[in-house]
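Accompanying notes for the structure given below.
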Amino acid sequence: MKKIGYTENFAEQAALYGGLYAGRVFSQSRNLYHVMCTGGELTARVSGRFRYEASLPTDFPAVGDFVMLDRESNQDGDAVIHHVLSRKSAFIRKAAGTSNDEQIVASNIDTVFICMALNNDFNLRRLERYLAIGWDSGAVPVTVLTKSDLCDDLEQKLIEVNSVAPGSDILITSAVNRDGQEQLAQYMTGGQTVAFIGSSGVGKSTLINCLMGEERLDTNGLRNDDKGRHTTTRRELIPLKNGGMVIDTPGMRELGLESADLARTFSDIEEFAEACRFRDCTHSSEPGCAVQQAIDDGVLSADRLQSYEKLKKEARYEGLGSRQIETLKLNEMFRDAGGMKNARKFAKSKNKRKRY
Ligand code: GDP
Ligand code: ZN
């Protein structure tokens, strides 16, 4: 179980449910979950009570989740999932704007590799956005610059990347000359779970294939059912040859930019802003604006401030920290029900769960 990321913390949580067995969801097809546990692999469904008590789609199990099951094998039919253990991180897709449309794309990821190619894909603004998504999930984002063999101004590019990714690791890889493969592998020791995001064509599959060894992505259990439909029994949580696991769900790759932890990604701007004369400075034309001063001094780029503002606007919650955004979202959500008390309780348990 350690090999599949079952840490002390999950074991402690699981110990609260006597008589049940822990397992980890590796793929899902509609209401059927495919789970690995000590007894091997099995299929499972949530209990009637679980379904009844779940209030949001995000309450249901997702790929990467640890769940508590009533049995350890399928000898007597599908297992029953009674609980989902608190997630340490989660990538969420927000479909249409209301919280009810939020879906967990993948959970319990330790490191998320933000992949960007060093040739024509190179785009700092996009990297900033992906980093924000990474921080927001609770996983640790690491920037992976791919295709180093196609780049002849690596030093310059590194300086630029450093300027938008303060405080996070940066790796340089190439599938052609095998650059950076060892550094990459270091994030996957000890049952760690990783994921790769980034634009199409930057080399994510190539990297994942390398880490997987013989078993290749494109041949990974894809098949059609008897009606010719595509069945999703494809394994989405994949064990790697040197330990650790990679989560590769279709949703993970298409992950949009709905969520963003501005404070972490733009920590440099927030730091400058602390010296602004006015607390509610918008960093546009106020006197005593330390952010504008930083731009004048050449220590902050105007581009970076612009993408910060843009992201802030897109997030609809201008000027708020992520914790505040969460509260605001809950307020909006519960406004009609008038259940602010519930909302606060929910927020508390959610925060507890998120940080555990
Ligand atoms: P994905 O869409 O991000 O999964 O990208 P792929 O892994 O499918 O790679 C897209 C294309 O880039 C393929 O043709 C790869 O052979 C190529 N590619 C991947 N990594 C490298 C690299 O390090 N150097 C070069 N020159 N090409 C690469
Ligand atoms: Zn200011």
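The values are calculated or read from the model by the stated rules, or taken from the named source; none is laboratory data. The shown structure was predicted, so the numbers you read here are calculated from the model rather than taken from an experiment. Cβ atoms come from the backbone with ideal geometry, glycine included; neighbour counts cover every protein chain shown.
Summary table
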| quantity | calculated |
| --- | --- |
| Residues being aromatic (Phe, Trp, Tyr) and loosely packed, with under 15 Cβ neighbours inside 10 Å - total across the stretch 39-98 | 1 |
| Flag if Ala11 is without any contact (Cβ under 8 Å) to a residue 24 or more places away in the chain, of a type in the set (Gly, Ala, Ser) and not in a strand (DSSP E or B) | yes |
| Of residues in the stretch 283-298 being in a loop (DSSP other than H, G, I, E, B) and either in contact (Cβ under 8 Å) with a residue 12 or more places away in the chain or aromatic (Phe, Trp, Tyr) (or both), the one farthest from ligand 1 (Cβ to nearest atom) | Gly288 |
| Only one of Thr193, Thr189, Thr173 that is modelled with pLDDT under 90 and either away from ligand 2 (no atom under 16 Å from the Cβ) or on the phi < 0 side of the Ramachandran plot (or both) | Thr189 |
| Residues of the stretch 182-204 classified as near ligand 1 (Cβ under 10 Å from one of its atoms) and surrounded by fewer than 17 Cβ atoms within 10 Å (Cβ to Cβ), total | 3 |
| Filter pass, Asp226 being modelled with pLDDT under 75 and under 30 Å from Thr206 (Cβ atoms) | no |
| Residue within the stretch 88-97 that is more than 17 Å from Thr249 (Cα to Cα) and either at pLDDT 90 or above or part of a strand (DSSP E or B) (or both) present | yes |
| Among residues of the stretch 264-282, those that are free of Cβ contacts under 8 Å to residues at least 24 places away in the same chain and near ligand 2 (Cβ under 9 Å from one of its atoms), counted | 7 |
| Selection within the stretch 164-186 - assigned to a helix (DSSP H, G or I) and more than 30 Å from Leu300 (Cβ to Cβ) | Gln181, Glu182, Leu184, Ala185, Gln186 |
| Selection within the stretch 20-43 - among the hydroxyl-bearing types (Ser, Thr, Tyr) and part of a strand (DSSP E or B) | Tyr21, Ser27, Ser29, Tyr33, Thr43 |
| Residues of the stretch 120-163 that turn out to be touching a strand residue (DSSP E or B) at 6+ places or on another chain (Cβ under 9 Å), of a type in the set (Val, Ile, Thr) and assigned to a helix (DSSP H, G or I), as a count | 2 |
